[in-house]
Amino acid sequence: MRILSIETSCDETAISIVDASGNIKSPSFKVLSAVVHSQADLHAKWQGVVPNLAKREHAKNLVPVLEQALKEAGLLKKTISQPKGKKQGEKLDIKVKKILEREHDLSEIFFGFIPTIEVPEIDAIAVTHGPGLEPALWTGISFAKALGVYWDKEVIPVNHMEGHTLSALLPEGTASIETKTELPLPALALLISGGHTELVLIKDLLHYKVVGATRDDAVGEAFDKVARMLGLPYPGGPQISKMAEAHSGTKNIKFPRPMINSSDLDFSFSGLKTSVLYKTRELGNLTEDIKKEIAHEFEEAVVEVLVTKTKKAIEKFKVKTLIVGGGVISNRKIRLAFQKLIEDELPDIKLLIPHQSLCTDNATMIAIAGYMRALGHKTRKTKPKKNFKAEGNLILR
Ligand code: KG4
Ligand code: ZN
């Protein structure tokens with residue numbers, strides 16, 4: 001099954017084309033193209049993502065990103081005259097215009113390009129419908145639905161967090177080109193991104209239960225806010241990580257490890273963030289060396305909390321696999337900490353960390369989850385919902 005996938009939940013406009021095959025227990029994926037257009041530089045000025053600005057950028061970039069994805073996959077064929085009859089074509093145009101009613105900019109670009117290319121050889125379209133910024137999500141959804149009608153393809157709605165979870169089916173160490181990965185169950189997924197920090201139990205494929213979550217800030221959010229306190233640009237995660245790696249080893253600063261010993265599996269990062277704020281105020285003049293030490297100690301605190309809570313959940317639910325997904329697992333120290341935990345303390349557990357290119361937002365993970373969803377529908381003899389909407393707070397279950 002060849003899937004074209006679309007991701008616009010935050011500030012990345014991404015489209016991938018993925019060949020997927022195999023059954024739900026041992027699926028295999030071959031990435032034909034994966035294009036990610038980041039708006040980070042644009043939002044940096046505002047120190048965070050501005051929803052309506054993100055929406056406008058998605059509308060502007062979706063068609064060029066699609067063109068590039070089709071080209072890279074070798075699926076872009078120009079057409080001279082429209083392959084459909086005139087009447088039929090007009091009917092189609094009206095239907096698509098109705099779908100794109102609220103997406104004025106996108107509509108214009110859509111009709112400037114889509115009728116000039118042949119229907120590509122794909123089987124279905126997968127698109128993120130939540131969680132995320134609703135204006136941004138709607139642009140991707142409307143685009144997917146419009147393409148679905150125009151090209152007569154099924155559209156599969158995908159939960160962004162299921163994407164982050166199943167991105168681990170293309171794990172580190174694979175070339176991200178063609179992979180077949182087994183996922184022994186039950187599994188536990190730690191999802192750490194800019195909007196989420198969750199421990200998710202997976203007893204059966206396609207069924208999720210959130211067993212722990214942050215009570216305030218997400219880990220990525222804490223990274224971004226601490227970076228701002230240190231005068232580093234958005235997104236702060238990679239900046240903090242670089243600073244921390246350059247740290248010389250001094251140990252004068254100590255931050256708390258919030259909720260590390262609590263009896264539940266929840267997290268809290270706002271206290272840690274506030275401790276950093278107080279420390280920066282107390283020190284006043286932040287030299288480069290002090291910034292490096294703050295970044296280092298902040299990362300240490302995050303790592304300790306994440307590893308301790310995850311280990312507790314692994315033992316509690318006796319899982320066979322640990323997945324760690326989401327933008328924050330791009331962080332080298334955090335990746336190494338989980339590798340060490342498994343090697344040294346839990347050698348029977350299979351660790352799946354997504355390929356480096358699939359940690360931060362991308363569309364390949366949406367194609368992977370879309371394929372798994374399609375297999376679920378096939379088994380149950382059902383079809384994906386047609387009238388799905390953007391759901392900013394969509395829960396993983
Ligand atoms: O998954 P993602 O791309 O978007 C959401 O779904 O939120 O995650 C983005 C988050 C941002 O907060 C960013 O600062 C963080 O991931 N991040 C990192 C690193 N790279 C990205 N955090 C720590 N270290 C990194 N190297
Ligand atoms: Zn994400």
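Rolling a 1.4 angstrom probe over the protein heavy atoms with all chains in place gives the range 285-362 an accessible area of 41 Å² per residue. In this rough spin-label picture, where each label sits 7 Å from Cα along the Cβ direction, the K87-H207 distance is 5.1 nm. Each Lys and Arg adds +1 at its Cβ and each Asp and Glu adds -1 at its Cβ; summed about the Cα centre, the range 1-93 shows a dipole of about 500 debye.
Normalised by the number of residues in the chain, the mean separation of alpha-carbon contacts (under 8 Å, six or more apart) gives a relative contact order of 24 percent.
Per residue, the solvent-accessible area of the range 231-279 (1.4 Å probe, heavy atoms of protein chains only, all protein chains present) comes to 51 Å². Building the convex hull from the alpha-carbon atoms of the range 328-397 and averaging its projection over directions returns 7.1 nm². Share of carbon and sulfur in the accessible area of the range 74-230 stands at 52%, probe radius 1.4 Å. For the range 254-293, carbon and sulfur atoms together expose 49% of the accessible surface, with a 1.4 angstrom probe and every protein chain in place. Sorting M229, M1 by accessible area puts them as M1, M229; the probe is 1.4 Å, largest comes first, and only protein heavy atoms count. Comparing S248, Q39, L166 along the charge dipole axis of the chain, the residue lying farthest to the positive side is L166, per the Cβ-charge model. Taking a Cβ cut-off of under 14 Å around C359, the surrounding Lys, Arg, Asp and Glu residues balance to a net charge of -1, with basic ones at +1 and acidic ones at -1. Here the chain is treated as an ellipsoid with the same Cα gyration tensor; its semi-axes, largest first and in whole Å, are 39, 25, 17. E315 sits among other residues whose Cβ lies under 15 Å from its own Cβ, and their net charge, with Lys and Arg +1 and Asp and Glu -1, is +2. Between K98 and R397, the FRET efficiency estimated from the beta carbon spacing at R0 = 30 angstrom works out to 0.40. Using just its DSSP H runs of length 4 or more, each adding -39500 (n - 2.57), the chain gives a mean residue ellipticity at 222 nm of -14000 deg cm²/dmol after division by all residues. For the range 1-98, the per residue solvent-accessible surface stands at 51 Å², with DNA, RNA and ligands left out and a 1.4 Å probe.
Given a 1.4 Å probe and the protein chains as shown, K312 ends up with an accessible area of around 70 Å². The residue among G271, G392, I314 whose Cα reaches farthest toward the positive pole of the charge dipole of the chain, with charges on the beta-carbon of Lys, Arg, Asp and Glu, is G392.
The values are calculated or read from the model by the stated rules, or taken from the named source; none is laboratory data. None of the values given here were measured: they were computed from a predicted structure. Heads up, the Cβs are rebuilt from the backbone with ideal geometry, glycines too, and the neighbour counts pull from every protein chain shown. The protein model used for the area step is the full one, side chains on, heavy atoms only, and it has no ligands, DNA or RNA in it. Shrake-Rupley method; radii C 1.70, N 1.55, O 1.52, S 1.80 Å.
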